[in-house]
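Peer 1: Before I ask anything, let me first share the structure, which is written out below as structure tokens.
The values are calculated or read from the model by the stated rules, or taken from the named source; none is laboratory data. It should be emphasised that the depicted structure is a prediction, and the values quoted were computed from it without experimental measurement. Here the Cβ is made from the backbone with ideal geometry for all residues, glycine too, and neighbour counts use every protein chain on show.
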Amino acid sequence: MDRGNLRADKLVALLFAVDGTLADTEEIHRQAFNAAFRVAGLDWLWDRELYHKLLTVTGGKERIRYYLDGFSTDASARSVTDDFIAELHRTKTENYTDALARGDVPLLPGIERLMLEARAQGLRLAIVTTTTPANVTALLDHSFLHDTSDWFDVIAAGSVVPNKKPAPDIYHYALERLDLAASQCLAIEDSANGLRSARDAGIDALITVNRYTEDHDFTGAALILDHLGEPGKPCHVLAGELDPGGLVDTAFLLRLHAHCQAQRAHSG
């Protein structure tokens, strides 16, 4: 299929990021990193203020290297090998997946509700993330109330592409495997890096913020919300022209997608 020649069409697929989008996982990631450092006998400590800065880099191993290059006061930090970083990251991933298995990470409001409704309405679902595949599997297995084994047409995760977000590579990868045009998709993201990744792949994005991303620059987002909303727990619009009325459902996403496509056509 020549996706570049496809005309703008109705919404076909929802592409979800993971950390901070499906669940408030970043704090669990931070704790898992610190536990890995302790096991390795290191005195590194990532507090919330520091971790907020480190999150400008996607990917766990990349984040450790970023810390060593720009934040660590340890004189030997620059000599730490990639193999040592990889081992630290393996331990961190074990800590994180153990936390998920204990049920420590509930989904954010509206995630499972929206996915169930979207599938019932015939929309396709995909995961588009640069987090480790094991982290995705653990979240799907332990944080959802339903069996999600057949929910996602594509799970694009980890190092399947050479460049992680904010590069658009992971979204291009997902589009290839979905065999869809960017104009047929809508991304659900939580960070400036995720927004840029989706937008540079030609995909409009709805943003839900969290404690680590609420101050990000989301210029170009289709809509910015605090969460997707649940009955009795309405979401709130932080920026954007359309209002879901407290609850993001498939009818609203179809309207949002059509609005975005109309804007692109007008500006193009």
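Peer 1: Could you tell me which numbered condition residue 18 fails, if it satisfies all but one of (1) in the same structural domain as residue 162 (by TED's automatic domain parsing); (2) more than 16 Å from the chain's Cα centre (by Cα); (3) β-branched (Val, Ile, Thr)?
Peer 2: It fails just one condition, (2).
Peer 1: Residue 171: of a type in the set (Ser, Thr, Tyr), in a helix (DSSP H, G or I) and either within 29 Å of residue 246 (Cα to Cα) or modelled with pLDDT of 95 or more (or both), yes or no? If you could, list the steps in order and put the result at the bottom.
Peer 2: Numbers: of a type in the set (Ser, Thr, Tyr): yes; in a helix (DSSP H, G or I): yes; either within 29 Å of residue 246 (Cα to Cα) or modelled with pLDDT of 95 or more (or both): yes.
So residue 171 fits the description; yes.
Peer 1: List the pairs whose first member sits in segment 232-252 and is closer than 21 Å to residue 12 by Cα and without any contact (Cβ under 8 Å) to a residue 60 or more places away in the chain, whose second member is assigned to a loop (DSSP other than H, G, I, E, B) and small (Gly, Ala, Ser), and whose Cβ atoms are under 9 Å apart, counting only residues at least 6 apart or on separate chains?
Peer 2: Qualifying pairs under 9 Å: 242/222; 244/229; 252/245.
Peer 1: Continuing with this model, one more query. Considering 217, 153, which residue is more than 14 Å from the chain's Cα centre (by Cα) and in a strand (DSSP E or B)? Spell out how you get there, then give the answer.
Peer 2: Values: 217 fails: in a strand (DSSP E or B).
After applying the criteria, what remains is 153.
Peer 1: Out of (1) touching a Pro at 6+ places or on another chain (Cβ under 9 Å); (2) in contact (Cβ under 8 Å) with a residue 24 or more places away in the chain; (3) surrounded by fewer than 17 Cβ atoms within 10 Å (Cβ to Cβ), what's the single condition that is false for residue 228?
Peer 2: Every condition holds for residue 228 apart from (3).
Peer 1: Right, another one. State whether one or more residues within segment 209-216 are under 16 Å from residue 14 (Cβ atoms) and either touching a helix residue (DSSP H, G or I) at 6+ places or on another chain (Cβ under 8 Å) or of a type outside the set (A, V, I, L, M, F, W, C) (or both). Even if it seems obvious, please write down each step before you answer.
Peer 2: From segment 209-216, those under 16 Å from residue 14 (Cβ atoms) are none; that's our starting set.
The answer is no, given that none of the residues of segment 209-216 is under 16 Å from residue 14 (Cβ atoms) and either touching a helix residue (DSSP H, G or I) at 6+ places or on another chain (Cβ under 8 Å) or of a type outside the set (A, V, I, L, M, F, W, C) (or both).
Peer 1: One residue is enough: does segment 128-137 have a residue meeting the conditions surrounded by 16 or more Cβ atoms within 10 Å (Cβ to Cβ), over 25 Å from residue 40 (Cβ atoms) and under 19 Å from the mean Cα position of the chain (by Cα)? Reasoning before the result, please.
Peer 2: Quick first cut of segment 128-137, residues surrounded by 16 or more Cβ atoms within 10 Å (Cβ to Cβ) only: 128-136.
Of the ones still in play, those that are also over 25 Å from residue 40 (Cβ atoms) are 128-129.
Filter again for under 19 Å from the mean Cα position of the chain (by Cα), leaving 128-129.
Yes, that holds for at least one residue.
Peer 1: If a residue has to be surrounded by fewer than 24 Cβ atoms within 10 Å (Cβ to Cβ), within 22 Å of residue 254 (Cα to Cα) and not charged (D, E, K, R) to count, how many in segment 189-207 make the cut?
Peer 2: The first filter runs over segment 189-207 and keeps only residues surrounded by fewer than 24 Cβ atoms within 10 Å (Cβ to Cβ), leaving 192-193, 196, 199-202.
Applying the additional criterion that residues be within 22 Å of residue 254 (Cα to Cα) yields 196, 199-202.
Filter again for not charged (D, E, K, R), leaving 201-202.
The number of residues fulfilling the criteria is 2.
Peer 1: Return yes or no: is residue 70 at pLDDT below 95 and more than 27 Å from residue 139 (Cβ to Cβ)? Explain how you work it out, then say what you get.
Peer 2: Details: at pLDDT below 95: yes; more than 27 Å from residue 139 (Cβ to Cβ): yes.
In short, yes.
Peer 1: Within segment 193-209, is there a residue that is assigned to a helix (DSSP H, G or I) and either of a type in the set (A, V, I, L, M) or on the phi > 0 side of the Ramachandran plot (or both)?
Peer 2: Going through segment 193-209, the residues assigned to a helix (DSSP H, G or I) turn out to be 193-200.
So of that shortlist, the ones also either of a type in the set (A, V, I, L, M) or on the phi > 0 side of the Ramachandran plot (or both) come out as 195, 198.
Yes - at least one qualifying residue is present in segment 193-209.
Peer 1: Based on this model, can you work out whether residue 131 counts as polar (S, T, N, Q) and not assigned by TED's automatic domain parsing to the domain that holds residue 246? Don't jump to the end; show me each part of the working.
Peer 2: Details: polar (S, T, N, Q): yes; not assigned by TED's automatic domain parsing to the domain that holds residue 246: no.
The answer is no for residue 131.
Peer 1: Across segment 46-82, which residue is nearest to residue 215 (Cα to Cα) among those that are free of Cβ contacts under 8 Å to residues at least 40 places away in the same chain and among the polar types (S, T, N, Q)?
Peer 2: Of everything passing the filter in segment 46-82, 72 is nearest to residue 215 (Cα to Cα).
Peer 1: Does residue 63 satisfy the condition of being crowded, with 19+ Cβ neighbours inside 10 Å, part of a helix (DSSP H, G or I) and of a type in the set (Lys, Arg)?
Peer 2: Details: crowded, with 19+ Cβ neighbours inside 10 Å: yes; part of a helix (DSSP H, G or I): yes; of a type in the set (Lys, Arg): yes.
Criteria met by residue 63.
Peer 1: Hey, another quick one. Looking at residue 80 and the list (1) touching a helix residue (DSSP H, G or I) at 6+ places or on another chain (Cβ under 7 Å); (2) buried (at least 19 other Cβ atoms within 10 Å of the Cβ); (3) modelled with pLDDT under 95; (4) among the β-branched types (Val, Ile, Thr), which single condition is not satisfied?
Peer 2: (2)
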